[in-house]
1. At 222 nm, what value in deg cm²/dmol follows for chain A if DSSP H runs of at least 4 each add -39500 (n - 2.57) and the sum is divided by all its residues, to the nearest 500?
2. Quick check on the protein assembly as shown: what are the equivalent-ellipsoid semi-axes from the Cα gyration tensor, as sqrt(5λ), descending, whole Å?
3. Dipole size in debye (nearest 20) for chain B around its Cα centre, Lys and Arg Cβ +1, Asp and Glu Cβ -1?
4. If R₀ is 56 angstrom, what is the calculated FRET efficiency for the pair A:E108 and A:L751, using the beta carbon separation as r and rounding to 0.05?
5. Taking the full set of protein chains and a 1.4 angstrom probe, give the accessible area of A:H61 in square angstrom, rounded to the nearest 10.
6. Identify, among A:L435, A:G747, C:L50, the residue whose Cα sits farthest towards the positive end of the charge dipole of the protein assembly as shown, taking +1 on the Cβ of Lys and Arg and -1 on the Cβ of Asp and Glu, with the dipole about the Cα centre.
7. How high is the relative contact order of chain B, in percent, counting Cα pairs under 8 Å that sit 6 or more residues apart?
8. In nanometres, what is the gap between the two model label sites at B:E182 and A:A117, each 7 Å from Cα along Cα-to-Cβ?
Amino acid sequence: MKNKSRPQAQLGDNREPAIVKTALAIALLVGVLMIAAGVMGMNAFTASGFDSEDGFSHLYHMKRALDTHYDTAIAPALDSLSGEERAQTEDKLDAMLLACWAELMGDEEAARADLDAFVASLPEKEQDSATMKLFDVAFAVDGPKVSSKIKKQLSAMDDSERTAFRRTLLLALTDESIGLPDAAAAATEGKEGAERERILLQLFLISGSAVSESVPTDLANSLKKAVRKDTARIEAYKKAVAGSVGFALQFIVSHSRTICMLGILLVIDVALLFFLLGADHSWHFDMKWIIILLIIDFMLLFQMLPLIYLVVKAFFPNGSFTLETFTRLYTYPMNWSALKNTLIAASATMVLGTLLAFPLAWLVGRTNLYGRKFFRSLFVLTYMVPPYVGAMAWLRLLNPNVGDMNVFLRTLFGMAPDATGPINIYSLGGLIWVLTTFYYPYAFITISRAMEKMDPTLEEASRISGASPLKTLFTVTLPMMTPSLIAGALLVFVCAASCYGIPSIIGAPGKVHTVTTRIIEYYGLGTQGLNDATGLAVFLMVIAIIVLYVSDVVMAKKQYITVSGKSTRPNTVDLRGWRVPLTVMVSLFAVIVILIPFATILTTSFKVDVGKSLRDPGNFTFGQWTLIFSRQETLDCLKNSLIFGAVTATVGIVIACVMSYLLQRTHIRGRKLPDFMITLGSGTPSVVIALGLIMTMKGDFGVNIYNTAYIMIVAYLIKYLMMGMRTVVSAMSQIHVSLEECSQVSGASWLRTMFKITGPLIFPSIAAGWFLIFIPSFYELSMTTLLYSNTTKTIGFQLYEYWTFTSQPQACAMAFGILIIVVALNFVLNKLTKGEFSI
Amino acid sequence: MASVTIQNVTKAFGNSVVLDKFNATFENGEFVTLLGPSGCGKTTMLRIIAGFEKPTSGSVLFDDRVVSSGKVFLQPEKRDIGMVFQSYAVWPHMTVFDNVAYPLTIKKQDKATIRKKVERVLSAVHLIQYADRIPSQLSGGQQQRVALARALVAEPALLLLDEPLSNLDAKLRESMRFEIKEIQKEYGITVVYVTHDQTEAMAMSDRIVVINRGVIQQIGSPREIYTAPANPFVADFVGKIEFLEGEVRDGAIELTGCGQRLPYKGPLTGSVIVGIRPEQVQYAAAGEGELTGMVRTHFYLGDVDDCRVDLGEGKELRVIADPYMSMGVAAGKQVTLKVRSFHVFPKDEAGDFRKILT
Amino acid sequence: MKKLLALILCAALTLGVAATSLAVNEDVEGKVMIYTSMYQFVIDMMDEALAKEFPNLDVEFFYGGTGSLQTKLAGEMETGTLGCDMMLVAEPAYSLELKEGGWLEPMEADGSKLRFEYDEEGYWYPVRVCNMVLAYNPEKYSADELPNSFYDFANDESVKGMISMGNPLTSGTTMAAVAALSDKYGYDYFKALGNNGVMIESGSTALAKLQTGECKLVMILEESVLKVRKEEGSQLACIYPTDGNIMIPSTVMTVAEDRSANMNIEACQAITDWLLSEDGQQYILEGYMHSVFAGMKDVPYDSIDTDGLIATDMGVDWVRCYTQREEIRTQFQESVTIPEKK
């Protein structure tokens, strides 16, 4: 059957690749140009000797201010002088200017030459106004001070009075005998010679008519801060008067770093796009690459830059490569014990946490345990409360001398009442116990999510072939769960190692130091301390990288869990005889690990004197609660926390969706990188992230978000995006790709498919993911204490303040308040996702 | 409607070649089936036509417009195609009506026309009464028809069906075949259908493209494919057949082993492969048939007698005959067989046909 | 006779200064940002008072613990300009450091009224005084069975493991106290503290431990105890150590004009005058801290006569505290915070 060959008419639309390629080339060119402009701007800045780049923009605005001031206020006053008076005054002014210049330059000859050269360089009509303008800018920046009382009197004059006043000032410069108006007399009281003349001139300059206010004071002040050195000031004055700083120049110099950074990002984007489209050799302009690239830029700038900068700074503290910081740090005995403690504590927490989490997850998720739905949200409760709060509670319960639990145990075992208690919280064991109670939920969530996704037919097959539920657990369920077990365990390890809240409360009194507490102590010792802090921080980051890489490899390779399209209803194992005893054991665990600590916090929050019990007279009060929640400061902090949490969660979820699309729906090499970056971010200790952000986000890299809400949001994003990402990735992997392809075939663009099909289908997971990012950001503490500014205080910061500086009962009230808010929000989420997903 | 031209398309995943120099043209309004065992590359070909996969080399044209080639690539959403997936891909979060209306809402047509068109196509697939149901409330067959309706509603130039009936029970499959054919006639649409079920292909197609391991074995009408298979694979894959080796000697083929002879006047010489379809063999009175043998096994299936006859030396022939014609055949009985027609293939070219089915 | 004359002269002076400062109040305008580690409620009171005193001056306080404020300032120093105009943070050692770094602006103030050391060139003046003492819980332990001096605090076996103090690394006042004690008793004092099992933690935790009886004795600032006594009617009491309490003045400093946030030197001078005036010091007393005023008779709630305390003050060598800070800290760490080799 020979097929007829048809003439191949290439219709018009094939020009698209050409258009796309030229667009990319242009973008590349623009990027390179921006980098060049940025570098040029930086060089101009260093050459100028100014202290800050905005000096250029101030000079640009100063030029116009000088011109208007001269035309409206100075020229008319000079014209009002008679020919002979004017000549005398102008000679006087030139002499005074020369004296000032000589002071600044330190040598009269050079000063004269410099002035003459400058005046000569000006165009003809501007030459005679040069002297007055130079004075105007010099005195505005560094002239003699005039008290605000006198300034008030000056502005109180009406126009005629003012012109007469200023005329006499000018004349007084050359003729000391003239009677001075009272305001001028007060200002020059007890002063004569050059000093008197300068004050007179300053009065003349600042007493322009009410309408044409003299050189704006804030402009002068900021120029003063931008240019500190005398030599640079001379150049600045000359530039201001000559107006040699054009709009383009000042814009480039004052934003040189930002322009350079944007240029670099643009070049990277173009390269990536070229690579992406090339690999696809489709040269088709597709929105999704743009969106993906934008998000990758965001992560490069706000996540990778701070972490990389930290590592580089640790190895190159002052420019040259030295391991000195490391040798010094890690040989210091105290740091060495901190290292040891961190590793022991983190691994013990990992083992204990996973041993706790797996049976609980199995009992709650896959068996007919009584009240398992209640237990499920109860066990996750500790995830919803700041670890700090738990440490407070355990401190009260288990301190050796008067800890309630210890007292109880002493009476139980009949020990002498004043002996120190059986359990001492201020020990490595105490630290491990509190870390476990607070970080086992991480493993619990990961494991129970994997259990839900498991295909029930696999277990049914084992049961049919005669295996008992327990046998099936060990022969089928456990091996199938190993990847997520390991992932959950490693997650607990990384979080426990990077925690600051608990060790700072439990560890310090008992001389148990961890790397994070040492970092904070070094952090407080000024710039040298900063370098040491980064040195220690790098250690934690390296552990995090190794551990997370191993967990990724483990998860990726042995992914037994078959993604069976529809989310199947896992079958529940009947515990039969074991049902009651297991329920009792689980509730006992719940009481000890969760209910008792929270009860302690609640009771303490109602106490006046922490030492006495609630039953003592007068010891019970609602005062703490009313005090806290009535203070305006707390309400502001609450508002801030809610806003920051919500913004972080929303931005986080958008990034999570796009990045998980990139991860699961495309085949580009390197698509795993963003996912690894996100996981790395959460593995890095919060303190380290805050440190990195402070050092890189202060403007040196073109972005200055220091002391703003944005730096907090970025910090929360880096730390907590991972939990949200995991939820979205697992949800998206369950959506059969044909659902999206079918939408595409029906003519929908990528974006439309995302909104119409994928989005709605995984909405419950998006909501849960949003919440998993929101909660920790809402009460975050360790980063906040380093990044807060006056307007960006959060609940976590307020809790830290109450705990360290004011009183414990107030801190407990605040902590419990946070718990109530978070549990309420969780309830809302449960309703929102129709109970399908909540933690 | 559109014609589809596939010029020299090759597709390889890594170094495993899935499609090898594929050349074919499907006329406008034609119903073509890509038939072949699983893993032979037929779905990949369909996905290349749809634009979900890019050919490693060669190009695809709709009418005479290049849609996929080394340099040019038209996105799927711009190819004006309707497609039904093997997993139906009916959106669980939309009602039947919204599912079917989706392509039209994308094209931003006004409400009235959407309602009219959707109702028309829903009634064509007899689902009008389920318009407001959500997919999980429908049976497999109903969901499949929703997918079909959705693919047809925008009156696309081309309809691609990827084994749409494989998840249905036999009875439903039978009626759906008929319905799809009816709808295709009514809309006069070009259809490319992918299946591994030969009866489906025979029932529905104007032409069949038999594929094995990414290589086209034969393109032809169902009748040509069945009656004049291009090679043993096609003969074996479409319909039932038994192969016997033999030598061409003076006007007849002497079957190796049992030595029996079949009259043959064809062009081939030397050693050949003979393919005999069981329904082409009849029982004959002694002396009238070409072959004789002893019935080894016999199954009475109601509408036919399915027997295996031993021709000697372990050579066997399968015979499926109408019970009334099988003259009370039974195991162990000596019979004479009349062979109405058979196919002959050169031995070397056929390769080891026994392992053809991957 | 001479004393009487001095008194009259001093009174005239204060009146004179007060007079001029009053007249100027309305003229003071613009913005002033003040970093301070004083208690939140003291700041709120001062804020209101300043608003009345200087109607068109926008004063903003930024509150933070001494440690975190010093860290914040360190960060800002790198950029060349500070985020504040005035600082009410930490003790003279820190002021010496800032003065040396050229960050401060000299202010005029009448030194003779002050009963504590101040900078001759006017770069820093003491504005409030914290007093490091011991504290105990009379309901749990009686005063006579407890040690009543800093020396015994570290060496008396009976309180081993039940004593607590601040962390010199993060709290400036503890650093000053520790410097004074190492001055008086040498670094062995630190070893004694270590062996006596002292716990290192924040003030409010220490107070709670006194209330629960977990600690017998804590080294703490007098103001924390006075505050709890007044506001919560707590029965915790101070012990004024026999070997001398440690008066730690906290200073007021103004940022050098071209380094400050709002360059409003005039307003800073006005505020300094107010702080070192009669009603300024009233608020210091409200904050349970001692006044720096020579003539000031009244004392913070429930405290004892300030001049008496000055007499028994162990005295801190601020220069040493600043120059040898690193050494003191490492010594303290070596013997107190590093776990003893088991």
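1. Working: 40 runs with 583 residues, N = 839.
Helices in chain A give a 222 nm mean residue ellipticity of -22500 deg cm²/dmol.
2. Numbers: eigenvalues 1399, 442, 130 Å².
Ellipsoid semi-axes (Å, largest first): 84, 47, 25.
3. Here chain B has a charge dipole of around 1020 debye.
4. Working from the Cβ atoms, E equals 0.20.
5. Its accessible surface works out to 80 Å², give or take rounding.
6. A:G747
7. Working: 727 pairs, mean separation 54.9, N = 358.
Once divided by the residue count of chain B, the mean separation gives 15 percent.
8. Placing both labels 7 Å along Cα→Cβ, they lie 10.0 nm apart.
The values are calculated or read from the model by the stated rules, or taken from the named source; none is laboratory data. Given the structure is predicted, the values throughout are model-derived calculations rather than measurements. We place every Cβ from the backbone using ideal geometry, glycine too, and count neighbours over all the protein chains shown. Areas reflect the complete protein model, heavy atoms only, side chains present, ligands, DNA and RNA absent. Shrake-Rupley method; radii C 1.70, N 1.55, O 1.52, S 1.80 Å.
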